Every structure is written in C-alpha cells, then in structure tokens.
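FYI, it's all coordinate maths here, none of it is from the lab. Since the structure is predicted, the reported quantities are computational estimates derived from the model, not experimental observations. Note that each Cβ is placed from the backbone with ideal geometry, even for glycine, and that neighbours are counted across all protein chains shown.
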C-alpha cells in the first residue's frame, strides 16, 4: 500500500486522528481565515482581469474555489521545486486546474462556450509556464484534487446527487468548506506535497471513512439538519461504517490521454 511511505500503522492513525480533529474544529469562523480569503479574492479578480479570462466559471463556484487556494498553496510549498510560488501563481494554477477539469467533466450547451474555456485554459497554461510552473505540475494538482474528492461521493449520494466528479463537490459548499479546511490542516501538519496527496489520499480516505462516522461527520450532518433527514443521516453513517471506496479515474483516464488533454497540457 502507498500509505507505507508515511511509516508504520501509528503514523497512519495519527494522520486520521488529525483529520478528524481538524474536521471538528473547521466548522467555526476565523478572522485570519476571512482575511486570507479576502486577499485571495482580490488576487483572483486581478488574474481574471489581467488575462482577460471569462469570469463565469469562477463566479459560478465562488467560495468553493476560494476554499481550494490555501490547499493548493500548502501542497505547492511542500514540493521540492526551485520556483517561488506566489499567491498569484496559486490562484492562477487553481483556476487553470478547475477549468481543465470542467472541460473534462461537463458537456457544453454550445461549441462557443467550450471554445471560450479552452482558449482560457491555454492562456493560463502559457502564463504558468512563463512563471516556471510546467504542465506536469498542473496535471499533478488535478490528480491531487481527484484524490481529495473521494469523501464527497458517499455524502453526495444521500443528499440527492451522485458526486461522480470534482465539479460536483461545488454543489455542496456546506460540506466542502469544513472538509477542505481539515484537509488543509492535515497537509500542513504532515508536510504533504502534491505527490504525497496523489500517492496516499486514496488509502488514507479508507481509514478516514471508517472513523469519520463516529466523529466529525456527525457534527457536519447536524449543521445540515435542514437538508438531511434523520433517516438519511443514519444511512450516511451506516454507509461510512462499511465504506466502499471507489477508485476514481485520473485526469488522464488511464494510460491513454484524452485528445483534449493532449491539446491543453504538454508532457514535460
């Protein structure tokens, strides 16, 4: 198992404990966090303006994308790369990754809509290359986000929608924000890079899903009492006590890369 990279069983349990503890704490407000989000929002506006991007996608997902910026930033800081990753680079990298994911996961009403996002994706990738962030790193961030998505699949099913992709997570902001905050905490405590998240999060999610039924998820469900009936809450907890973790496909969908990815992201 990939989790062996973290050491022994005690280390694995420690990571699960840290996640659950952070999940319990992450539902509260924090002045410093609000200030950070405000800073990212101003940078987000500048990036969209400078590159003349279509703001529709970012506006649609709003605070959901905002919750990703600190996570991507922390993963990048823990990577062994020579590039100085600024907040502006983090925002650009996150929006680029989400845009590419959106192109992969969604069907468009018109060819024009798809063309606009494809053009924006290429512009962002080119700008990232100029800042020293190669396409390989973008692909890794996308794979890391795929790993982070797992825990939403079970919850989403009982809220009336299957969470089959990363974009689906943005429909459940009440769950997305505290979970992303908990993930951010674990990544920081254990100094996890993008590669660490890719390699280990599927395995870690099994331990988290097994234990979360008795810890953090209960509090989240209580806060969602207006959206989740008591019977659905019990179903969610029963599901997590005997979890079936689906191994979702990578952005490359196996060994064969999609034609669209070949156009957008080049091999390094």
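Relative intensity of region 112-154 on a log10 scale, I(q)/I(0) at q = 0.14, 0.20, 0.21, 0.22 Å⁻¹, equals -0.47, -0.75, -0.78, -0.80, per a Debye sum over C-alpha point scatterers of equal strength in the absence of solvent.
Counted over all Cα-Cα pairs of region 46-106, pairs farther apart than 15 Å make up 53 percent. Counted residue by residue at 0.36 nm each, then reduced by the alpha carbon distance between them, the extension gain from residue 110 to residue 56 reaches 18.0 nm.
Using a simple spin-label model with pseudo-atoms 7 Å out from Cα toward Cβ, residue 18 and residue 79 lie 2.0 nm apart. The calculated FRET efficiency for the pair residue 49 and residue 189, based on their C-beta separation and a Förster distance of 35 Å, comes to about 0.50.
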